[in-house]
Structures are given as C-alpha cells and as structure tokens.
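Structure first, commentary second.
The values are calculated or read from the model by the stated rules, or taken from the named source; none is laboratory data. Note that this is a predicted model, so its numbers are computed, not measured. Reconstructed Cβ throughout: ideal geometry from the backbone, glycine too, with neighbour counts over all protein chains shown. SASA here: full protein model, heavy atoms, side chains in, ligands and nucleic acids out. Shrake-Rupley method; radii C 1.70, N 1.55, O 1.52, S 1.80 Å.
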Amino acid sequence: MTRERVVVAFVGRPNSGKSSLYNAVTGEEAKVGNFPGVTVDILTATRALPVSGVAEIADLPGFYSLDAVVDPATDEGVARRWLDDATKAGARLVIVQVLDGTQLELGLRMTEGLLARAEAVVVAVTQRDRLAADGRDVDVAVLEEALGVPVCAVSARAPAAQTRGVVFDTVERALTDQREARAKSVDARKVAARALVGEGHGRARTLTERVDAVLLHPIVGPFVFVAIMAAVFSAVFLIADPAKSVVDFLVERSREALSGALGHGLLASFVIDGLVAGTGTVVAFMPQIVILTIAMEILEATGYLARGAFIVDRLLRLLGLSGRSFAPLLVAHACAVPAIASTRIIRDPGERLRSILVLPLMTCSARIPTYGLVITAFFGGRSAFFRGGLFVLLYFAGIVAGLVASAVMRRTVVRGRGLPLVLEMPSYRAPQVRLVARRAKRAATRFVKDVGSTILAASALLWVLLTVPMPGASPAVEGTPAIERSVAAGIGRALEPVTRPIGFDWRINVGLIGSFGARELMVSTMGVIFGVERADEDPAPLAKSMQDAKKPNGEPVYGVRTGLALLAFFVLACQCMSTVAAIRRETRSLRWPAFVVGYTYALAYLVAFATYQIAGLFGAT
Amino acid sequence: MRVEGAAVEGPVAAWLAAVGLSPGEVVTILRRAPFGGPLHLRTEAGAEIAVALEIAQAILVETLEDQP
C-alpha cells in the first residue's frame with residue numbers, strides 16, 4: 001500500500017486562536033512556506049501523525065469567508081488558492097477549522113462551505129477556558145452529531161503536548177471518516193444554541209466592555225491613543241537608537257581593522273566603503289524593525305489595533321485613507337521600511353498601494369540628523385529660534401505632503417475611494433510572548449533576505465560612481481580630492497544646467513548622488529568634496545568651508561536660498577534605497593518603486609524650484 | 001434592531017456578511033466615534049464590528065422594542 005501525502009491545513013476566522021493552537025500542535029519549529037507571488041506568510045511544519053505517518057501541517061491566514069474574496073492578494077484569496085492547489089496536488093487534505101468557542105455561531109457559518117471542500121474536516125473549538133470562566137462549556141458530542149465530522153475542544157491553558165495529542169487523534173479519526181455522514185447544510189444558529197451548555201453570566205464579555213468604555217470613550221479614548229502611540233515611538237528612540245549606535249560603532253571598527261589589513265588599494269576601498277558600509281546600513285535597520293514589529297504585534301494581539309483604527313478612521317477618511325492605514329503612517333515616522341511591510345493589514349488593495357506610495361514622505365528618524373546638519377551648515381549663523389522653527393516646519397511638511405499626495409493619487413494614479421471601514425473588534429486578550437517573538441524574528445530575517453541584498457547591490461554601485469574616475473577626466477591634480485574626478489562628479493557637472501534654477505551647484509549634486517542610498521550620507525559626501533574630515537561628526541568646519549565658498553564675482557555660492565531649496569528637496573525626495581527595496585518587495589513589481597522615486601524626485605525638484613525662486617523674490621541671497 | 005437588508009454594492013455586502021452582518025441579524029449599537037466616525041456594533045451571534053457611518057446609513061433595519 002502506498003501512502004498518500006497527508007496535508008493538514010489550519011483555517012479559521014482571524015482572532016479565533018488559530019495561531020496559538022498551531023503553535024501548540026507543531027511546537028517551535030515551523031518555516032514560512034514558499035507560496036509564489038504573495039507576501040502573506042503561510043507557516044508549514046512536518047510532523048508525524050500517530051497512525052497515518054508524516055503530515056505537512058500548514059497555518060493559513062485567518063479569513064472571514066472563503067466566498068467573499070475582494071482581492072486575490074488578501075488573506076482570503078491566498079487561503080482559498082492554497083486550498084485549491086493542495087486539492088489539485090492530489091494530497092489527502094484535512095482541514096482543521098479553528099473555531100472560537102465564545103463566537104460559536106459565527107464560526108459555524110463557515111463550516112458548511114468547508115465540509116464540501118475537503119476529503120476530511122476537523123472542527124477544533126478553542127477558548128474552552130474562557131467559556132468555563134463564564135460558566136459555560138461546549139458539547140462536543142452535539143457538534144459531532146450535527147456536523148457529521150470529528151470535533152475536539154481545546155483550551156489555551158492546557159499543556160501543548162496534551163493539546164497536540166487531542167488534535168492529532170481527531171485528525172486521525174477524520175482520515176478514516178465516512179464522507180456520507182457529513183451534514184449537507186448547517187444551521188449555525190440552531191447548532192450553536194444546542195452545543196453551548198450552561199448558563200453564561202457574561203463575565204468575559206463585560207471585561208472587554210469595561211475596557212472599551214475607557215479606551216473608546218469619546219474624550220479619554222483619543223488621549224489614551226496618543227499616549228500609546230507616544231510610548232511606541234519612545235521605545236523606538238530609546239532602544240533602537242542606542243542599538244544603532246552600537247552597530248555603527250562596530251561597523252566603524254571593522255572598517256578600521258579591514259583598512260589596516262587590506263591597505264588603501266582600490267579593492268580594499270571597494271570592500272570597506274562599498275560592501276562593509278552597505279552591510280552596516282542593513283544591520284543598523286534591524287533594531288528598529290524588530291522593535292516596531294514587536295510593538296505592532298502586541299497591539300494587534302491585544303485587540304487594540306482595531307480600536308485605534310476606530311478612533312482615527314474619520315480623520316483619515318478625509319484624506320482618502322481609512323483607519324486601517326494609521327499604524328503604517330505612524331510607523332513611517334520612525335522608519336519607512338517596516339511601515340511598508342506593515343501595510344499588509346490594509347485590506348483594500350488600492351488603499352494599501354496608496355499608503356505604500358506616500359509613506360516615504362513621512363519624516364523618518366534618518367531625516368532628523370540630516371536636517372540638523374543641513375541647518376547647521378547653511379543657517380549656522382541664525383538664531384536658535386529660527387533654526388528650531390525651521391526644524392518643526394520641516395517635520396510637519398512631511399505629513400502634509402504625504403496626505404496631499406494621497407488625496408491626489410486617489411483621483412489619479414490609484415483610483416477608487418477604497419472600501420469604507422468594516423472591521424472586527426476582537427475581545428481583548430493577553431498577547432502570547434512566543435508568537436510575538438516568532439513574528440519579530442521572521443520580520444528580521446525577511447528584511448535581511450529581501451531588502452538586504454538590494455541595499456548591498458546599491459552600495460556597491462554607489463561606490464563605483466563615487467570612486468571610479470570619469471572616463472577622459474583630467475589627470476589628478478595635487479591637492480584635489482579624487483571624488484572631483486569621479487563618475488559622480490561628471491554627472492553632477494552635467495546636471496548643473498538642470499539644478500541651477502534650484503540653486504544647486506555640482507558639489508551639492510554629487511552630495512545628492514552620494515545620499516541616494518541613504519540621506520544621512522549627504523553630509524559626509526559633502527565633507528569629502530570639501531576635503532573636511534569627519535564632517536558627519538562635527539559639521540562646523542564644513543559649514544565654514546561652505547560659507548566661504550565664493551563665486552568668481554565674489555558672491556557666496558551657498559546662500560539662504562540654496563539652503564531652503566535643499567531642505568525642501570530633502571523633505572520630499574525618497575533618498576533611501578532601503579525604502580525603494582522594501583516597496584519593490586511588497587508590491588512585487590519594479591513599476592511602483594520606480595514610480596515612487598520618479599514622483600518624489602519630481603516633486604522635490606518642483607518644490608525646491610518654487611522655494612528658491614520665491615526666496616529670491618523676497619530678496620534672499 | 002434587526003437588519004433587513006443593505007443598499008450597498010456586492011463586495012461590500014459580501015464583506016459585511018462575512019464579518020457577521022447579514023439580513024436577519026439582531027444588532028445593538030454600542031457607541032459611535034465622534035465627528036461622524038464609524039459605529040461600534042454588536043450582533044446577537046457575538047460579533048463586534050466597527051462599521052463606517054456611510055455604510056451603516058445604507059443598512060436597513062427594523063427597530064425592536066424589547067431591546068434590553
């Protein structure tokens with residue numbers, strides 16, 4: 001007898017306790033399954049069943065209905081395609097429907113469709129402990145009789161091994177089960193009423209109700225919301241920033257060590273300034289990605305994310321987005337890369353794309369030191385009040401630009417209003433540390449794998465542009481930095497006619513080319529051009545050199561107009577190859593990252609032009 | 001209130017039904033977000049749903065007197 005492959009698929013509504021049951025059944029090791037063309041994760045693990053042998057066990061994304069598929073890229077579409085593919089592949093498919101015992105009727109509505117779909121079906125009722133706390137229980141025998149399939153009831157409090165045993169035994173029963181015994185139709189309401197035993201006193205319900213009375217209070221609610229968001233933010237700055245400094249320090253040390261070992265040749269420079277610096281960029285992002293993923297997972301698992309969406313939905317609707325977009329928009333103020341990944345929670349594909357396209361405009365944490373350095377370099381002589389005001393202005397300019405861009409895109413590039421908010425408000429629950437940790441780990445590995453490779457390639461290319469001499473360039477003149485003869489300098493000079501109306505000379509152009517990869521590189525690139533060592537640590541000498549730079553007619557090269565235009569450019573341009581790489585990964589296309597680069601740079605140029613010209617009208621130099 | 005039907009487009013109606021709001025359902029409005037924001041509903045089957053005002057306005061309901 002040849003044994004057919006057995007595939008066990010866990011399906012269920014979101015928040016039904018599916019992931020924690022899956023975790024209990026498969027243990028720690030599970031890998032993210034490869035499913036072509038989608039970004040939704042499907043976990044798979046291989047485990048031995050007691051009788052039927054080795055089985056592949058998959059955790060499908062949670063969904064509310066297999067029929068109401070809005071878009072194939074959403075969780076519903078992915079789950080359905082996965083089930084279809086598994087059926088076609090000829091495996092013996094066992095569907096384990098995970099069903100929240102406190103919402104029995106809602107879960108049973110899906111059961112009828114599932115019964116018709118697979119060779120074997122198991123219904124696993126979770127949250128038995130919560131039912132018990134409410135003085136109720138679920139009658140497994142009644143459910144089995146009504147549905148005609150094996151049923152088990154589990155509790156999150158029970159040991160994992162016990163839960164695994166119960167689930168596997170039920171799966172085995174399903175594999176020997178007669179299909180004819182199955183119910184043709186399921187009246188969810190009647191079945192639920194019969195299967196639930198005991199008088200509920202509604203204690204579980206009241207806990208959520210009591211918390212909601214505070215967190216969704218018309219006045220207190222928004223304050224709590226702002227406080228929670230502020231806490232998430234502080235976590236990023238308090239934990240991720242020191243961690244990033246440590247990474248920067250280690251990268252700097254390894255560069256020094258390497259330059260000691262490899263010398264100062266071209267190859268050494270490529271390894272040190274191209275590859276090691278690129279790796280440093282990748283690693284430096286990790287603390288932020290991990291912390292933000294953890295924060296978002298906790299908010300999601302506790303049920304607060306839906307509450308936040310409820311509170312801010314009205315505000316975001318004005319701008320063509322919905323409450324679901326708030327988390328990505330918020331995260332983008334720390335870093336656009338994890339924000340782009342977090343857009344997966346947005347169900348409407350058009351809205352999700354629009355969010356991805358405007359996230360790079362938010363004032364991310366990498367812009368803050370860059371603004372500081374540019375302001376010091378150009379406005380060092382101004383009052384602290386002026387510089388502070390400029391800083392705040394720049395910060396909010398990003399939000400305004402993003403919201404305007406979203407409103408414009410809704411009418412042009414990505415049409416459609418987007419589905420108005422229809423969102424489940426799950427009961428509050430304590431997050432499971434293991435699940436959160438696992439997701440954070442996955443986010444980190446995925447970042448290294450997908451985004452890391454792009455960043456490395458781009459770093460290598462930038463190194464070539466900034467280091468390799470322009471073909472036909474005049475031979476090296478003693479005392480001028482090599483960068484003046486580089487391909488980048490050639491490009492910078494060629495761009496001068498284009499950038500003259502916005503007040504940029506070739507040196508700023510080279511700085512912009514150098515900072516395409518990461519905007520914080522602007523200052524150090526300018527430092528190299530002006531021959532100022534370590535300009536990113538102390539910008540004052542660079543600021544002095546730039547203020548002293550004079551045109552042949554004696555006017556300063558870099559006046560206030562240029563400074564303002566440069567800042568306007570920095571607010572808008574997507575100078576971050578990590579962001580571009582993340583957009584490429586999430587949209588699975590080259591078109592949308594190219595669009596983002598195109599539109600942000602075009603916008604940056606236009607606004608810089610307007611700033612430069614208007615400042616000129618007001619008599620600024 | 002009992003839901004009688006909804007004057008919304010296909011995908012939205014299907015989505016409402018999937019989340020747990022279909023004709024015949026008995027619903028209670030728990031609260032509404034300020035400034036015309038979404039409504040917080042609970043159905044008798046135990047679903048709690050936030051629904052945007054513009055969708056909620058398209059849902060036809062019959063008011064039930066004996067609501068607790």
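Restricted to segment A:205-269, the set of helices (runs of 4 or more DSSP H) holding at least 1 residues that are within 30 Å of A:P338 (Cβ to Cβ) comprises A:220-235, A:241-262. Among the residues of segment A:278-320, those identified as hydroxyl-bearing (S, T, Y) and modelled with pLDDT under 85 are A:T279, A:T281, A:T293. Of everything in segment A:212-236, what is of a type in the set (A, V, I, L, M) and under 26 Å from A:F285 (Cα atoms)? Give them in sequence order. Passing the criteria: A:V226, A:A227, A:I228, A:M229, A:A230, A:A231, A:V232, A:A235, A:V236.
For every residue, the table says whether it meets (1) outside any helix (DSSP H, G or I); (2) open to solvent by 30 Å² or more (accessible area, probe 1.4 Å).
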residue	(1), (2)
A:P552	yes, yes
A:Y558	yes, no
A:R561	no, yes
A:A568	no, no
A:S578	no, no
A:R584	no, yes
A:Y605	no, yes
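Of A:V166, A:V226, all but one fail to be among the β-branched types (V, I, T), closer than 22 Å to A:R136 by Cα, open to solvent by 50 Å² or more (accessible area, probe 1.4 Å) and more than 14 Å from chain B (Cβ to nearest Cβ); the exception is A:V166. When A:L131, A:L147, A:L175, A:L216 are checked against the criterion of being at pLDDT 80 or above and out of contact with any Ser or Thr (no Cβ under 7 Å at 6 or more places or on another chain), A:L216 stands alone in meeting it. When residues in segment A:305-333 are screened for being in contact (Cβ under 8 Å) with a residue 60 or more places away in the chain and open to solvent by 10 Å² or more (accessible area, probe 1.4 Å), 9 of them pass. The sole residue among A:I239, A:I219 that is within 14 Å of chain B (Cβ to nearest Cβ) and open to solvent by 50 Å² or more (accessible area, probe 1.4 Å) is A:I219. Of the candidates A:I583, A:I614, the single residue that is aliphatic (A, V, I, L, M) and in contact (Cβ under 8 Å) with a residue 60 or more places away in the chain is A:I583. All of A:R354, A:R344 fail the test of being open to solvent by 30 Å² or more (accessible area, probe 1.4 Å), part of a helix (DSSP H, G or I) and among the charged types (D, E, K, R), apart from A:R344.
The lone criterion from (1) modelled with pLDDT of 75 or more; (2) among the hydrophobic types (A, V, I, L, M, F, W, C); (3) part of a loop (DSSP other than H, G, I, E, B) left unmet by A:V498 is number (3). Residues that are within 15 Å of A:L466 (Cβ to Cβ) and not hydrophobic (A, V, I, L, M, F, W, C) were ranked within segment A:494-521; the one that is surrounded by the fewest Cβ atoms within 10 Å (Cβ to Cβ) is A:N509. If you go through segment B:50-63 and keep only what is in contact with a Lys or Arg (Cβ under 8 Å, 6 or more places away or on another chain) and open to solvent by less than 10 Å² (accessible area, probe 1.4 Å), you end up with just B:A52. Looking only at segment A:140-149, decide whether some residue is exposed (fewer than 15 other Cβ atoms within 10 Å of the Cβ) and either without any contact (Cβ under 8 Å) to a residue 60 or more places away in the chain or of a type outside the set (F, W, Y) (or both). Yes, segment A:140-149 contains at least one residue that is exposed (fewer than 15 other Cβ atoms within 10 Å of the Cβ) and either without any contact (Cβ under 8 Å) to a residue 60 or more places away in the chain or of a type outside the set (F, W, Y) (or both). Taking B:T28 as the residue in question, decide whether it is within 9 Å of the chain's Cα centre (by Cα), more than 9 Å from every other protein chain (Cβ to nearest Cβ) and open to solvent by 30 Å² or more (accessible area, probe 1.4 Å). Criteria met by B:T28.
Only one entry in A:S406, A:S427 is part of a loop (DSSP other than H, G, I, E, B) and in contact (Cβ under 8 Å) with a residue 24 or more places away in the chain, namely A:S427.
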